[in-house]
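Only the coordinates and a few stated rules stand behind these numbers; no lab work does. All of these numbers come straight from a predicted model, not from anything done at the bench. Backbone-built Cβ (ideal geometry, glycine too); neighbour counts: all protein chains shown.
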Amino acid sequence: MHSCVSAGIAGPEVIGVSLRTPDFPYDVMLMTRVGAHNLEQHERTHPTTHSDTTRRAVAFLGKIHKIALSGFGPVTRTVDGLRGTYDSWQAAILEGVDDTLHYLLQQNIIDEPTAAECRQAFATHAHILSCTDGKLLHGDYHAANIVVDDNGEMAGAVDLTQAKVGDPAFDVAFYATYIDTGALSTFLDGYEHVAGSIPDRRQRLALYRMRILLSKAKLRKRLGYEERIADAVKSIRDALAELR
């Protein structure tokens, strides 16, 4: 959060952080209050401004992606500052894939042909994972984590617990798992206007969506969100169809 604010990106000042203990199982972050509500609430009460707020959200994400960091994957703090945990983007993306596929197979959420196709997709499109210029990624960028003021202007993006260093298109793909096709088109056009074109856009976003949705299917099963698993599996298969 401090890195974003220091780079001139709107956001709250972090006053203090308290990590979870055996007696209190939650991390707590105390921040200054910014904005009025999140983008999800704003769009419910101002549906006619949806396109405008989507464009603002994408421009805001583009600002975050201008922060360059070393390393790849989950952000960690070192004596030299923030950096990614892994030495390559490919290693960061593929970490845990086999375990996730094994879990989904054990739980009968996907079948073996689907798991095999996922593995093959990563192998076939390995060039997409050859990112050499890592940028700060929010990691959980969607409307509920975007704070706006009463006019829908961006005031900050919160919940950076999944912040990463890597390919900015990964954040775009993550956002795409929350919105419909029409809104995605607006988002993509706006993002490429701000940040430039995404190489191999269709395949790149499909590969990242597939990776993200595998994790979502596993998480939903573990948390008991049974009614939302089928949607994740359908979206995994849709992404695989785009990669064939």
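With the simple spin-label model, which puts each label point 7 Å out from Cα in the Cβ direction, the Ser215 to Thr132 separation comes to 2.6 nm. Within the straight-line cut-off of under 21 Å between alpha carbons, the lysines reachable from Lys218 are Lys164, Lys234, sequence neighbours fewer than 8 places apart in one chain being disregarded.
Ellipsoid semi-axes for the stretch 190-244, based on the Cα gyration tensor and the rule √(5λ), read 26, 13, 8 Å when sorted largest first. Annotation: amide H-H contacts under 5 Å for Gly156 (H modelled 1.01 Å from N, sequence separation of 5 or more, or interchain): Val147. Here the stretch 52-106 is treated with +1 on each Lys and Arg Cβ and -1 on each Asp and Glu Cβ, and its dipole about the Cα centre works out to around 480 debye. Assuming a ≥ b ≥ c are the square roots of the Cα gyration tensor eigenvalues, decide whether the stretch 138-244 counts as rounded (a/c under 1.5), prolate (otherwise, with a/b larger than b/c) or oblate. Verdict is oblate for the stretch 138-244. Amide H contacts of Met31: Ile15, each under 5 Å away and 5 or more positions distant or on a separate chain (H built 1.01 Å from N in the peptide plane; Pro and chain starts excluded). To the nearest ten degrees, helix 112-124 and the longest principal axis of the Cα atoms of the chain are 70 degrees apart. Say we join alpha carbon atoms closer than 10 Å with springs in a Gaussian network model of the chain; which of Tyr26, Tyr208, Tyr175 then has the biggest fluctuation? In the Gaussian network model the winner is Tyr26.
For the chain, a simple Cβ point-charge model (Lys and Arg +1, Asp and Glu -1, everything else neutral) yields a dipole of about 220 debye relative to the Cα centre. An ellipsoid equivalent to the chain, defined through the eigenvalues of its Cα gyration tensor, has semi-axes of 28, 22, 20 Å when rounded to whole angstrom and sorted largest first. Working from Cα positions, state the angle (0 to 90°, nearest 10) between the long axis of helix 97-106 and the longest principal axis of the chain. Helix 97-106 and the main axis of the chain meet at about 60 degrees. Largest mean-square fluctuation among Leu82, Leu39, Leu30, in a Gaussian network model of the chain whose springs join Cα atoms under 10 Å apart, belongs to Leu30. Gaussian network model of the chain, Cα springs within a sub-10 Å range: biggest mean-square fluctuation belongs to which of Gly16, Gly62, Gly73? Per the Cα network of the chain with a 10 Å cutoff, Gly16 tops the list.
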